[in-house]
1. Between residue 189 and residue 65, what is the label-point separation in nm under the 7 Å Cα-to-beta-carbon projection?
2. Quick one: compute the contact order of the chain, relative version, from alpha carbon pairs under 8 angstrom and 6+ residues apart, as a percent.
3. Which value at 222 nm does the chain reach when only helices count, each DSSP H run of 4 or more adding -39,500 (n - 2.57), with the total divided by all residues and rounded to the nearest 500 deg cm²/dmol?
4. May I ask you to derive the FRET efficiency for residue 210 and residue 47 from their Cβ-Cβ distance with R0 = 30 Å, giving the value to the nearest 0.05?
5. In nm, give the distance between the simple-model label positions of residue 166 and residue 106, each being 7 Å from the Cα along the Cα-to-Cβ direction.
6. If I stretch the segment between residue 282 and residue 150 completely, what's the gain in nm (0.36 nm per residue apart, minus their alpha carbon distance), one decimal?
7. What's the ranking of 93-99, 169-175 by average number of surrounding C-beta atoms within 10 Å, highest first?
8. How long are the semi-axes of the equivalent ellipsoid of the stretch 1-136, defined as square roots of 5 times the Cα gyration tensor eigenvalues? Whole Å, largest first.
C-alpha cells in the first residue's frame, strides 16, 4: 500500500515556518501585507477569501480585503489595482477569480505589478518561469513541488507525466519539473493511448478535472501520484482525478482528496507574500 502524502500536515509545518519568518520581518520593521480583492458574491470565492483571511491572521501577515459589489466597473477595479501597486504596505495582490462577465480578467491580471503578483499569473512572471528564472511561481503547482521535495522525491532523470494543460496547473508544473531535470510529458483530452503514457511515469501529476479518470491499473509499480483534482460527486463526496483506492495498490506514495494538494495552495500564497516582503526588507536596508 502507498504512503499517504499528507498535505494538511505539510501545510501546517510550512505555515509555522512562514509565521517565524513573518515575526522576524516585523522585528525589522516590515510587516508582510497581502491585499485580496473580491468582486461580487460568488459563494465559492467568498469561502476561499475567508480562508485566506484566516490563514493570514494565523501567520501574522497583514491582510487588506476589498469586497466590491458585482456592479463594480472594470475601470474602478483597475483604479484600485493601481492604488495597491503603489501602496508600500502591500507585498502581494490577489484578485479572486472568476470575475463578473463585464470585466476582462486578462486586463486585470496584467494590471497587477509583477513584483506583487503573488499568484504568479502575470505574463512577465509566466515568462520568467519559462526561462527558468522565476520571480513568483503559481501557488498550486508550487505546492505540488514542495510536496514532492518534502516527500524526498528527487525528480532528476525521472519520467514525469502531467495530465492536464491548464495555465493554472498543468503547464506551470511541467515547467517546474523540467527545471528539476525531469523528463516531462504533458497529456490532455486528445492524447492517444493515455493509459500507456501514464504507465511509463515515475511521477504522475493529475490536473485534468475529471473524476477518477486515471485508473489504478495505469499506475506503474512504485510510482508517485500527485492528484490535484477536486471533483464533487453527488451531494457531499469529493474525489480526485485518480481512482485513489486502486492507485494506492500500485503507487509508492499518493496524495488523498481532500487533504492533499488543496491545503498547500493557500500556504504557498502566504509563502510568496513573505518572499515579496523579504525583498522589500532587503531594499529598505540597502537604502538606509
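Coordinate-derived values only; no laboratory data. Keep in mind it's a predicted model, so treat the numbers as computed, not measured. Note that we place each Cβ from the backbone using ideal geometry, even for glycine, and neighbour counts take in every protein chain shown.
1. A separation of 3.5 nm, rounded to one decimal place.
2. 22 percent.
3. Rounded to the nearest 500, it is -13500 deg cm²/dmol.
4. Result of the calculation: an efficiency of 0.85.
5. Result: 1.9 nm between the two label points.
6. Extending this stretch completely gives an extra 44.7 nm.
7. Ranked from most to least packed, the peptides come out as 169-175, 93-99.
8. Values: eigenvalues 134, 71, 64 Å².
One finds semi-axes of 26, 19, 18 Å for the stretch 1-136.
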